[in-house]
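A short reminder: the numbers here are calculations on the coordinates, not readings from a lab. The model shown is predicted, which means the values in this text are computed figures rather than measured ones. Every residue, glycine as well, gets a Cβ built from its backbone with ideal geometry; the counts of neighbours run over all protein chains shown.
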Amino acid sequence: MSGKAKKNTADEPEFHGMVRITSLGCPKNFVDTELASASFLCAGFGLAADDESADIQFVNTCAFLREARKEASSVIQLLKSWKRKKKGRRVLVAGCFVEWAKKEDLAGFPFVDAWIPIDSAADAGKIALSLLNGVPYTPEKHPSPKYLYSHETPRIQLTPQHYAYLKIADGCDNHCAYCMIPSIRGPLRSRTADSVVKEAGALLESGVKELILIAQDSGAFGRDAYGKPGLAGLLRKLDKLPGDFRIRLMYLHPASVTPELLDALAESAHLIRCVEMPVQHIADPVLRAMNRKVFEKRTREVVSEIRAIGYSIRTTLLTGFPGETETDFRKLLDFVRETRFERLGVFAYSKEEGTPAAELPNQVSPALAEKRRGALLELQKSISLENNRALVGKETDVIVDEVVSRSRAVGRTLFDAPDIDNRVSLRTRRPVGQGEIVRAAVIQASEYEIEATVP
């Protein structure tokens, strides 16, 4: 494909070429990729299944941590040789890496045809079309992203049919000392509850069975518009939607948990009884230095309150934050041992230029941060093994994610988010469908794998 885009007859849709989509990073970023993908389709492009059939490469990037930026750089660099192989190929890069990078960083990739900021991701198709017609793309990059999609924005679902991410807000105002999100994604911007509910309804009508609510901080939803969190009200409205479906709540900040929210969680008929709530640490000196706005006493209270209404908790922790002493770490280790989170992930602190934490004294060495991360993961590994082995001989509900054959399928328990947590291998004596919840008898279990049978 080269030169100007060709026009077909009035009765035929214009076709401009094939686009290969690559999405890096978190589910929040993945929704932006779905918006960009829809924009390509609306502009007359098709989506390519492989590199060789593609005329355009579109990469939506992450830049939250140094490792994410290294991955983005590697993926982009690989496209240099791809572009050389055929005249007229284009490379478009979007997302957080574009927001983070300075001009000198981008200058290292002269073969990239367009650097698309977050505010323009949903216009990727129009940008590609302009490039094909010889119009150079000059990004309108704001000091801080402002864009927020709505239920009216074209979006193509790229997840399996039975689950979809529902982004209720973008940006963040928490300003945790280690985090680059506010500087990359901009301030908190909540969608209206009406827009979220309308999109949820459309997704359910299209066959989605599991709505996964996401944001940088889901509990902050509505705070920018109304001065107080509105997640509880949103959950109640979503709960009134008709149909047999489930809602999974992710990225809930402990400081956002209120009595009103707890009531909404307890009363919901559709919420899966497991929330993802990053607590990051338990030692007060570390939480204070992190600017987490919630400390040990309240963190423990929130964990107890959520479990008291029948919910399990998936959490993430951060080791090696500047000033974290051996005493602080031992306290965190004891907290995990006592609390026995159902699911747990751990990150080692990454010193990020421009964050307040990068300027703090008493920086912990990366090696020690990784060592502490490893110790927590080993502890959680033993907890997970005990929890999974306790299921052997019992029945549990499993969401079918993939049907492998007439007698084999792969899924996850209700505690598990897609592509993150435990995996269940199913042997079944009857046909099962993707997205179906089946009652399965557990016959074997390891730390993160379960084998079960469906009668």
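Enumerate by residue number the trypsin sites (Lys or Arg not before Pro) in the stretch 37-139 meeting two conditions: DSSP loop (anything except H, G, I, E, B), and at most 16 other Cβ atoms within 10 Å of the site's Cβ.
Numbers: sites: Arg66, Arg69, Lys70, Lys80, Lys83, Arg84, Lys85, Lys86, Lys87, Arg89, Arg90, Lys102, Lys103, Lys126; in loops: Lys85, Lys86, Lys87, Arg89, Lys102.
Filter output for the stretch 37-139: Lys85, Lys86, Lys87, Lys102.
Please report the antiparallel percentage of the DSSP beta bridges confined to the stretch 350-455, to the nearest 5. Don't skip to the answer; put the middle values down first.
Values: 18 of 24 bridges.
Around 75 percent of the beta bridges assigned by DSSP in the stretch 350-455 are antiparallel ones.
Per the helix-only calculation at 222 nm, which mean residue ellipticity applies to the chain, given -39500 (n - 2.57) for every DSSP H run of n ≥ 4 and division by its residues, nearest 500 deg cm²/dmol?
Numbers: 14 runs with 151 residues, N = 455.
Mean residue ellipticity at 222 nm (helix-derived): -10000 deg cm²/dmol.
Please list the non-local residues whose amide H lies under 5 Å from the amide H of Leu166, H modeled 1.01 Å from N, same-chain partners needing a gap of 5 or more.
Correct list: Ile212, Leu213, Ile214.
Lysines within cross-link reach of Lys331: Cα-Cα under 27 Å, excluding same-chain residues under 8 positions apart?
The reachable lysines, counting only those whose Cα sits under 27 Å from Lys331, are Lys293, Lys297, Lys351, Lys371, Lys381.
Give a residue-ordered list of calculated ³J(HN,Hα) values for the stretch 227-237 (Karplus: 6.51 cos²θ - 1.76 cosθ + 1.60, θ = phi - 60°; whole Hz; x for Gly, Pro).
x, 8, x, x, 4, 4, x, 5, 4, 5, 5
Counting only residues 5 or more places away or on other chains, whose amide H sits under 5 Å from the amide H of Gly345 once H atoms are built in the peptide plane?
Sorted by chain and number, the residues that satisfy this are Thr315, Thr316, Leu317.
Could you order peptides 180-189, 358-367 by the average number of other Cβ atoms within 10 Å of their residues, highest first?
On the way: 180-189: 19.6, 358-367: 12.7.
Put in order of decreasing packing, that is 180-189, 358-367.
For a quick protection proxy, order the peptides 128-140, 286-298, 24-36 by their average other-Cβ count within 10 Å, most packed first.
Details: 128-140: 14.5, 286-298: 17.9, 24-36: 21.9.
Most protected by this proxy first, the peptides run 24-36, 286-298, 128-140.
Show the residues, 5+ positions off or on another chain, whose built amide H is closer than 5 Å to the amide H of Leu271.
Those qualifying (amide H under 5 Å, at least 5 residues apart or on another chain) are Ile247.
Sort by residue number and name the cysteines in the chain that have no neighbouring cysteine Cβ under 4.7 Å.
Cys26, Cys42, Cys62, Cys96, Cys172, Cys274
Taking just the C-alpha trace of the stretch 384-453, give me its Rg and Dmax in Å.
For the stretch 384-453, the Cα-based Rg and Dmax read 10.9, 31 Å.
Nearest 10 degrees is fine. How inclined is helix 27-42 to the longest principal axis of the chain, computing both from alpha carbons?
20 degrees
Gap in Å between the Cα centre of the stretch 234-276 and the Cα centre of the stretch 148-172?
Using only Cα atoms to place each centre, the spacing works out to 18 Å.
Per-residue HN-Hα couplings for the stretch 123-134, Karplus 6.51 cos²θ - 1.76 cosθ + 1.60 at θ = phi - 60°, whole Hz, x for Gly and Pro?
So the Karplus estimates, Gly and Pro as x, are 10, 4, x, 5, 5, 4, 5, 4, 4, 5, 8, x Hz.
Can you put Asp105, Asp50, Asp416 in order of Cβ neighbours within 10 angstrom, beginning with the fewest?
Numbers: Asp105 13, Asp50 8, Asp416 24.
Listing Asp105, Asp50, Asp416 from fewest to most nearby Cβ atoms yields Asp50, Asp105, Asp416.
Only one of the values [x] 163; [y] 147; [z] 207 was calculated from this structure for volume of the Cα convex hull per residue in Å³; name its label.
Label [x] holds the value from this structure.
Quote the convex hull volume per residue of the stretch 17-132, based on C-alpha atoms, as a whole number of Å³.
Working: hull volume 10.8 nm³, N = 116.
So the per-residue Cα hull volume is 93 Å³.
Return one number: the angle in degrees, 0 to 90 and rounded to the nearest 10, between the long axis of the Cα atoms of helix 296-308 and the longest principal axis of the Cα atoms of the chain.
Compared with the principal axis, the helix lies near 90 degrees.
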